[in-house]
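Trainee: Let me give you the structure first, and then I'll get to my questions.
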């Protein structure tokens, strides 16, 4: 799914290079979960493509997370009806 979203961005912007990585496993509160990078001939195009990439990833890719709270509570986020 991540690749599909990235390919749509490449089709819509003059992208020279694109990368997107989503970490898996236990993350702390300030840890980075998603990194995207885009290269275009012009800075504005690169920023627009990167924004579209992260927005579409967050909207379209089914990324679930298991949140564990300090009080011992926990919940799954993004799992929907799965």
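Nothing in this text is a laboratory measurement; each read-out follows from the coordinates by a stated rule. Please read these numbers as outputs of a predicted model, since none were measured by experiment.
Trainee: How much length, in nm to one decimal, is gained on full extension between residue 70 and residue 51, taken as 0.36 nm per residue of separation minus their Cα-Cα distance?
Mentor: 3.6 nm
Trainee: Something else now. Normalise the Cα radius of gyration of the range 1-40 by 2.2 N^0.38 Å (N = residues in it) and let me know the number.
Mentor: Rg over 2.2 N^0.38 Å, computed on Cα atoms: 1.38.
Trainee: Percent relative contact order of the chain, based on C-alpha pairs within less than 8 angstrom and at least six residues apart?
Mentor: The value is 25 percent.
Trainee: While we're looking at this one, here's another question. Who wins for biggest fluctuation among 69, 13, 47 in a Gaussian network model of the chain, springs between alpha carbons below 10 Å?
Mentor: 69
Trainee: Also: Take the Cα coordinates of the range 2-77, assign each an equal point scatterer, and use the Debye formula without solvent to give log10 I(q)/I(0) at q = 0.26 Å⁻¹.
Mentor: The computed values of log10 I(q)/I(0) come out as -1.19.
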